[in-house]
Amino acid sequence: MKTDGLSLNVVVNGQPVTVEVDIEMLMQTVVLDALKKTGNSGQAEENWELRDSDGRIIDLNKAFGALDLKPDATLFLNLRAGIGGSE
């Protein structure tokens, strides 16, 4: 996968990981990559939500370049409220 040398910091349930991105990459791909890198496979991808440092939900259907995010931004990926339990 081509990247533009950009990376995002994604904190997945408290575990930080770096995801390489390009301006055309959908945020859904960022989520999948972060989940894979942290070994989180017990929940379906639609059970997760991505937020910025201000707590705003990130639209996963948008490309990185379409969002007002800095390349070194830290995003937070957590299970949606009410989702959890055993894997």
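Given Cα pairs under 8 Å that are at least 6 residues apart, what percent is the relative contact order of the chain? Don't jump to the answer; show the numbers that get you there.
Working: 138 pairs, mean separation 31.7, N = 87.
Relative contact order, the chain: 36 percent.
Sorted by average packing, counted as other Cβ atoms within 10 angstrom per residue and highest first, what order do 50-59, 32-41 take? Each step should come with its number before you reach the end.
Values: 50-59: 12.7, 32-41: 15.8.
Result, highest mean Cβ count within 10 Å first: 32-41, 50-59.
Sequence-distant or interchain residues sharing an amide H contact under 5 Å with A73, placed H: which?
Distant-sequence amide H within range of A73: N9.
Using θ = phi - 60° and the Karplus relation 6.51 cos²θ - 1.76 cosθ + 1.60, list the HN-Hα couplings for the range 55-69 in order, rounded to whole Hz, with x at every Gly or Pro.
Rounded to whole hertz, the list is x, 6, 6, 8, 6, 6, 8, 9, 7, 3, x, 8, 9, 8, 10.
Non-local amide H neighbours of W48 (under 5 Å, H modeled in plane, Pro and chain starts lacking H): which ones?
Distant-sequence amide H within range of W48: R80.
With the full set of protein chains in place, find how many percent of the accessible area of the range 6-64 is carbon and sulfur; take the probe as 1.4 Å.
Numbers: 1380 of 3050 Å².
C and S fraction of accessible area: 45 percent.
Roughly what angle does helix 27-38 make with the longest principal axis of the chain, taking Cα atoms, 0 to 90 degrees, to the nearest 10?
Orientation of helix 27-38: about 60 degrees from the principal axis.
What net charge do the residues around V10 carry, taking every other residue with its C-beta under 9 Å from that of V10, with Lys and Arg at +1 and Asp and Glu at -1? All intermediate terms of the calculation are to be shown ahead of the outcome.
On the way: positive: K37; negative: D33.
So the surrounding residues net to 0.
The values are calculated or read from the model by the stated rules, or taken from the named source; none is laboratory data. Quantities reported herein were computed from a predicted structural model and do not represent experimental measurements. Positions of Cβ are generated from backbone atoms using ideal geometry, with glycine treated the same way; all protein chains shown enter the neighbour counts. Heads up: the accessible areas ignore ligands, DNA and RNA and are worked out on the full protein's heavy atoms, side chains in. Shrake-Rupley method; radii C 1.70, N 1.55, O 1.52, S 1.80 Å.
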